[in-house]
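Visitor: Structure below; questions to follow.
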Amino acid sequence: MRSSILALSVGALLAGCTTITPTDDPVYLRIQDLEARLMRVERVVNNESLIELAGQIEQLRADVSALRGEVETLRFETESAGERQRQLYLDIDQRLQALEQSRGASADPRFGADTAGPDGGFGGFSAGGAGGSSTAPASGAQASAGNDQEQYSQAFQLLQARRYDAAADAFRQFVEAYPSSDLADNAQYWLAETLYVRQQFDAALREFQKVIDVYPRSDKLADSLLKIGYCNYELKRWNDARAALERVMREFPGTTAAQLAATRLERLEQEAG
(Lines give C-alpha, C1' and ligand atoms only; values in the text may rest on other atoms or scores of the structure.)
Protein backbone atom coordinates (compact mmCIF):
# COMPACT_ATOMS: atom_id res chain seq x y z
CA MET A 1 0.00 0.00 0.00
CA ARG A 2 2.75 2.41 0.97
CA SER A 3 4.70 1.50 -2.20
CA SER A 4 1.72 2.36 -4.34
CA ILE A 5 1.29 5.72 -2.68
CA LEU A 6 5.03 6.56 -3.15
CA ALA A 7 4.92 5.55 -6.75
CA LEU A 8 1.91 7.72 -7.33
CA SER A 9 3.59 10.71 -5.66
CA VAL A 10 6.78 10.44 -7.75
CA GLY A 11 4.71 10.11 -10.88
CA ALA A 12 2.81 13.24 -10.01
CA LEU A 13 6.00 15.19 -9.44
CA LEU A 14 7.45 14.03 -12.73
CA ALA A 15 4.27 14.88 -14.50
CA GLY A 16 4.39 18.35 -12.98
CA CYS A 17 7.95 18.94 -14.26
CA THR A 18 7.08 17.98 -17.79
CA THR A 19 4.21 20.45 -17.86
CA ILE A 20 6.58 23.56 -17.42
CA THR A 21 6.62 25.55 -20.72
CA PRO A 22 9.84 27.21 -22.15
CA THR A 23 8.40 30.64 -21.42
CA ASP A 24 8.20 29.75 -17.76
CA ASP A 25 11.63 28.18 -17.58
CA PRO A 26 13.97 30.60 -15.70
CA VAL A 27 17.03 29.29 -17.56
CA TYR A 28 15.38 29.89 -20.89
CA LEU A 29 14.26 33.35 -19.83
CA ARG A 30 17.79 34.20 -18.71
CA ILE A 31 19.22 33.12 -22.03
CA GLN A 32 16.66 35.16 -23.89
CA ASP A 33 17.50 38.22 -21.82
CA LEU A 34 21.22 37.79 -22.48
CA GLU A 35 20.60 37.42 -26.21
CA ALA A 36 18.49 40.58 -26.26
CA ARG A 37 21.16 42.56 -24.42
CA LEU A 38 23.85 41.25 -26.75
CA MET A 39 21.85 42.34 -29.80
CA ARG A 40 21.43 45.83 -28.36
CA VAL A 41 25.17 46.10 -27.73
CA GLU A 42 25.94 44.94 -31.26
CA ARG A 43 23.53 47.51 -32.71
CA VAL A 44 25.16 50.30 -30.72
CA VAL A 45 28.65 49.22 -31.77
CA ASN A 46 27.64 48.91 -35.41
CA ASN A 47 25.92 52.30 -35.41
CA GLU A 48 28.97 54.04 -33.90
CA SER A 49 31.28 52.38 -36.43
CA LEU A 50 29.04 53.43 -39.32
CA ILE A 51 28.86 56.99 -38.04
CA GLU A 52 32.62 57.15 -37.65
CA LEU A 53 33.16 55.62 -41.10
CA ALA A 54 30.69 58.01 -42.66
CA GLY A 55 32.52 60.92 -41.08
CA GLN A 56 35.83 59.70 -42.41
CA ILE A 57 34.40 59.28 -45.90
CA GLU A 58 32.96 62.78 -45.82
CA GLN A 59 36.32 64.20 -44.71
CA LEU A 60 38.09 62.33 -47.50
CA ARG A 61 35.62 63.71 -50.01
CA ALA A 62 36.27 67.23 -48.76
CA ASP A 63 40.03 66.68 -48.97
CA VAL A 64 39.79 65.30 -52.50
CA SER A 65 37.63 68.25 -53.56
CA ALA A 66 40.12 70.71 -52.09
CA LEU A 67 43.05 68.94 -53.77
CA ARG A 68 41.23 68.93 -57.08
CA GLY A 69 40.74 72.68 -56.81
CA GLU A 70 44.41 73.19 -55.99
CA VAL A 71 45.47 71.02 -58.94
CA GLU A 72 43.25 73.00 -61.31
CA THR A 73 44.63 76.26 -59.94
CA LEU A 74 48.21 75.07 -60.29
CA ARG A 75 47.56 73.85 -63.82
CA PHE A 76 46.15 77.23 -64.82
CA GLU A 77 48.99 79.11 -63.17
CA THR A 78 51.58 76.87 -64.81
CA GLU A 79 50.07 77.35 -68.25
CA SER A 80 49.81 81.12 -67.92
CA ALA A 81 52.89 81.88 -65.79
CA GLY A 82 55.35 81.75 -68.68
CA GLU A 83 53.34 84.14 -70.83
CA ARG A 84 52.70 86.51 -67.92
CA GLN A 85 56.39 86.59 -67.07
CA ARG A 86 57.47 87.24 -70.64
CA GLN A 87 54.99 90.08 -70.94
CA LEU A 88 56.16 91.50 -67.62
CA TYR A 89 59.79 91.41 -68.60
CA LEU A 90 59.08 92.91 -71.99
CA ASP A 91 57.04 95.64 -70.34
CA ILE A 92 59.95 96.43 -68.01
CA ASP A 93 62.32 96.58 -70.96
CA GLN A 94 59.95 98.83 -72.87
CA ARG A 95 59.73 101.16 -69.90
CA LEU A 96 63.50 101.30 -69.80
CA GLN A 97 63.51 102.08 -73.48
CA ALA A 98 61.03 104.89 -72.88
CA LEU A 99 63.46 106.38 -70.39
CA GLU A 100 66.19 106.07 -72.99
CA GLN A 101 64.11 107.93 -75.53
CA SER A 102 63.58 110.81 -73.11
CA ARG A 103 67.21 111.94 -73.25
CA GLY A 104 66.54 114.01 -76.42
CA ALA A 105 70.23 114.06 -77.41
CA SER A 106 69.86 112.29 -80.72
CA ALA A 107 70.06 113.92 -84.12
CA ASP A 108 67.02 111.86 -85.05
CA PRO A 109 64.07 112.75 -82.76
CA ARG A 110 62.56 109.29 -83.27
CA PHE A 111 65.62 107.60 -81.83
CA GLY A 112 66.09 106.61 -78.20
CA ALA A 113 69.18 105.35 -76.41
CA ASP A 114 70.70 105.43 -72.96
CA THR A 115 71.01 108.69 -71.06
CA ALA A 116 73.64 110.93 -72.58
CA GLY A 117 76.90 111.06 -70.68
CA PRO A 118 78.96 114.15 -69.91
CA ASP A 119 81.05 113.60 -73.04
CA GLY A 120 78.04 113.65 -75.31
CA GLY A 121 77.99 109.87 -75.81
CA PHE A 122 75.24 107.50 -74.80
CA GLY A 123 75.27 105.82 -71.40
CA GLY A 124 78.39 107.78 -70.42
CA PHE A 125 80.45 106.42 -73.36
CA SER A 126 82.13 108.40 -76.07
CA ALA A 127 81.74 107.60 -79.74
CA GLY A 128 84.79 105.32 -79.47
CA GLY A 129 82.64 102.44 -78.15
CA ALA A 130 81.92 100.67 -74.85
CA GLY A 131 85.04 100.91 -72.78
CA GLY A 132 87.22 100.73 -75.88
CA SER A 133 86.41 97.04 -76.26
CA SER A 134 84.74 97.25 -79.68
CA THR A 135 86.49 96.64 -82.94
CA ALA A 136 86.93 99.21 -85.68
CA PRO A 137 83.71 100.38 -87.33
CA ALA A 138 82.58 98.95 -90.62
CA SER A 139 83.43 100.91 -93.72
CA GLY A 140 81.24 103.99 -93.88
CA ALA A 141 79.32 102.94 -90.75
CA GLN A 142 79.68 106.31 -89.09
CA ALA A 143 79.81 108.52 -92.16
CA SER A 144 76.48 109.92 -91.08
CA ALA A 145 75.52 110.28 -87.45
CA GLY A 146 71.93 109.39 -88.27
CA ASN A 147 72.57 106.08 -90.01
CA ASP A 148 73.05 103.88 -86.94
CA GLN A 149 70.39 105.78 -85.03
CA GLU A 150 67.80 105.27 -87.73
CA GLN A 151 68.56 101.58 -88.15
CA TYR A 152 68.44 101.05 -84.39
CA SER A 153 65.09 102.85 -84.17
CA GLN A 154 63.65 100.71 -86.96
CA ALA A 155 64.84 97.51 -85.27
CA PHE A 156 63.32 98.55 -81.97
CA GLN A 157 60.01 99.35 -83.61
CA LEU A 158 59.92 95.78 -84.89
CA LEU A 159 60.51 94.59 -81.33
CA GLN A 160 57.69 96.75 -80.00
CA ALA A 161 55.42 95.31 -82.69
CA ARG A 162 56.41 91.83 -81.43
CA ARG A 163 57.80 90.90 -84.81
CA TYR A 164 60.57 89.05 -83.05
CA ASP A 165 62.10 87.27 -86.05
CA ALA A 166 62.42 90.48 -88.01
CA ALA A 167 63.65 92.38 -84.95
CA ALA A 168 66.33 89.76 -84.29
CA ASP A 169 67.60 90.04 -87.85
CA ALA A 170 67.59 93.84 -87.67
CA PHE A 171 69.51 93.98 -84.39
CA ARG A 172 72.00 91.37 -85.62
CA GLN A 173 72.61 93.39 -88.77
CA PHE A 174 73.05 96.50 -86.67
CA VAL A 175 75.70 94.90 -84.46
CA GLU A 176 77.59 93.67 -87.51
CA ALA A 177 77.34 96.99 -89.35
CA TYR A 178 78.03 99.31 -86.41
CA PRO A 179 80.21 97.43 -83.90
CA SER A 180 81.62 100.71 -82.50
CA SER A 181 78.31 102.51 -82.27
CA ASP A 182 77.29 103.79 -78.88
CA LEU A 183 74.16 101.73 -79.43
CA ALA A 184 75.89 98.42 -80.14
CA ASP A 185 75.50 97.18 -76.56
CA ASN A 186 71.81 98.07 -76.61
CA ALA A 187 71.33 96.30 -79.91
CA GLN A 188 73.11 93.22 -78.60
CA TYR A 189 70.88 93.18 -75.53
CA TRP A 190 67.65 93.49 -77.54
CA LEU A 191 68.85 90.79 -79.92
CA ALA A 192 69.14 88.47 -76.94
CA GLU A 193 65.73 89.62 -75.72
CA THR A 194 64.04 88.61 -78.98
CA LEU A 195 65.30 85.07 -78.37
CA TYR A 196 64.31 85.07 -74.71
CA VAL A 197 60.68 86.03 -75.30
CA ARG A 198 60.44 83.12 -77.78
CA GLN A 199 61.78 80.75 -75.11
CA GLN A 200 64.97 80.02 -77.05
CA PHE A 201 66.85 80.07 -73.78
CA ASP A 202 70.11 78.49 -74.92
CA ALA A 203 70.50 80.93 -77.79
CA ALA A 204 69.38 83.86 -75.65
CA LEU A 205 71.92 82.90 -72.99
CA ARG A 206 74.77 83.13 -75.49
CA GLU A 207 73.63 86.53 -76.75
CA PHE A 208 73.19 87.98 -73.25
CA GLN A 209 76.66 86.70 -72.40
CA LYS A 210 78.06 88.73 -75.32
CA VAL A 211 76.84 91.89 -73.63
CA ILE A 212 78.91 90.93 -70.58
CA ASP A 213 81.98 89.93 -72.57
CA VAL A 214 82.06 92.60 -75.28
CA TYR A 215 80.56 95.56 -73.41
CA PRO A 216 81.64 95.21 -69.76
CA ARG A 217 80.81 98.88 -69.06
CA SER A 218 77.40 98.81 -70.68
CA ASP A 219 74.38 100.17 -68.84
CA LYS A 220 72.72 96.92 -69.88
CA LEU A 221 75.12 94.87 -67.78
CA ALA A 222 72.77 94.40 -64.82
CA ASP A 223 69.81 93.50 -67.04
CA SER A 224 71.94 91.08 -69.05
CA LEU A 225 73.18 89.35 -65.90
CA LEU A 226 69.61 89.12 -64.68
CA LYS A 227 68.47 87.52 -67.93
CA ILE A 228 71.41 85.11 -67.82
CA GLY A 229 70.08 84.02 -64.45
CA TYR A 230 66.58 83.71 -65.88
CA CYS A 231 67.75 81.63 -68.85
CA ASN A 232 69.67 79.23 -66.62
CA TYR A 233 66.63 79.04 -64.36
CA GLU A 234 64.39 78.05 -67.27
CA LEU A 235 66.99 75.47 -68.30
CA LYS A 236 67.11 74.19 -64.69
CA ARG A 237 70.80 74.89 -64.42
CA TRP A 238 70.35 75.81 -60.80
CA ASN A 239 73.97 76.54 -59.88
CA ASP A 240 74.58 78.80 -62.88
CA ALA A 241 71.28 80.59 -62.29
CA ARG A 242 72.09 81.11 -58.63
CA ALA A 243 75.55 82.47 -59.42
CA ALA A 244 74.21 85.01 -61.93
CA LEU A 245 71.37 86.19 -59.69
CA GLU A 246 73.64 86.55 -56.69
CA ARG A 247 76.08 88.55 -58.79
CA VAL A 248 73.31 90.97 -59.77
CA MET A 249 72.40 91.46 -56.11
CA ARG A 250 76.04 91.87 -55.11
CA GLU A 251 77.20 94.23 -57.86
CA PHE A 252 74.00 96.24 -58.39
CA PRO A 253 72.37 96.60 -54.94
CA GLY A 254 69.26 98.72 -54.66
CA THR A 255 68.38 98.47 -58.34
CA THR A 256 65.26 97.02 -59.91
CA ALA A 257 67.40 94.27 -61.40
CA ALA A 258 68.63 93.34 -57.91
CA GLN A 259 65.07 93.20 -56.59
CA LEU A 260 63.97 90.96 -59.46
CA ALA A 261 67.04 88.78 -58.91
CA ALA A 262 66.17 88.37 -55.22
CA THR A 263 62.61 87.37 -56.07
CA ARG A 264 63.72 84.81 -58.64
CA LEU A 265 66.38 83.48 -56.26
CA GLU A 266 63.69 82.76 -53.67
CA ARG A 267 61.72 80.78 -56.25
CA LEU A 268 64.86 78.95 -57.29
CA GLU A 269 65.62 77.88 -53.72
CA GLN A 270 62.07 76.58 -53.31
CA GLU A 271 62.15 74.58 -56.54
CA ALA A 272 65.77 73.40 -56.51
CA GLY A 273 65.86 72.70 -52.76
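The values are calculated or read from the model by the stated rules, or taken from the named source; none is laboratory data. For clarity, every value in this text was computed on a predicted model and none was experimentally measured. All Cβ positions, even for glycine, are placed from backbone atoms using ideal geometry, and neighbour counts span all protein chains on display.
Visitor: Just one of the numbered conditions (1) within 24 Å of Tyr152 (Cα to Cα); (2) surrounded by fewer than 18 Cβ atoms within 10 Å (Cβ to Cβ) is not true of Leu221; which one?
Guide: So the condition that Leu221 fails would be (2).
Visitor: When you go through Tyr189, Tyr233 one by one, which is the residue that is within 24 Å of the chain's Cα centre (by Cα) and under 30 Å from Gln270 (Cα atoms)?
Guide: Checking each option against the conditions leaves just Tyr233.
Visitor: Now for a different question. Considering only the stretch 195-219, how many residues are under 22 Å from Asp165 (Cβ atoms) and among the charged types (D, E, K, R)?
Guide: Selection size over the stretch 195-219: 5.
Visitor: What number of residues within the stretch 150-167 satisfy the criterion of being within 16 Å of Ala204 (Cβ to Cβ) and more than 27 Å from the chain's Cα centre (by Cα)?
Guide: So the answer is 1.
Visitor: Could I ask something else about it? Within the stretch 180-189, does at least one residue satisfy the condition of being in contact with a Cys (Cβ under 8 Å, 6 or more places away or on another chain) and of a type in the set (D, E, K, R)?
Guide: No - not one qualifying residue is present in the stretch 180-189.
Visitor: Return yes or no: is Ala204 surrounded by 22 or more Cβ atoms within 10 Å (Cβ to Cβ), in a helix (DSSP H, G or I), in the same structural domain as Ala187 (by TED's automatic domain parsing) and modelled with pLDDT under 95?
Guide: no
Visitor: May I pose another question? Given the structure, is Glu176 of a type outside the set (Phe, Trp, Tyr), over 16 Å from Asn232 (Cα atoms), assigned to a helix (DSSP H, G or I) and in the same structural domain as Val248 (by TED's automatic domain parsing)?
Guide: In short, yes.
Visitor: Where the second residue is of a type in the set (Gly, Ala, Ser) and the first is over 23 Å from Asp182 (Cα atoms) and lies in the stretch 152-168, which pairs have Cβ atoms under 6 Å and are six or more apart or on separate chains?
Guide: none
Visitor: Determine whether Leu191 is crowded, with 17+ Cβ neighbours inside 10 Å, in the same structural domain as Arg162 (by TED's automatic domain parsing), at pLDDT 95 or above and not small (Gly, Ala, Ser).
Guide: Here the answer is yes, as Leu191 does meet what is asked.
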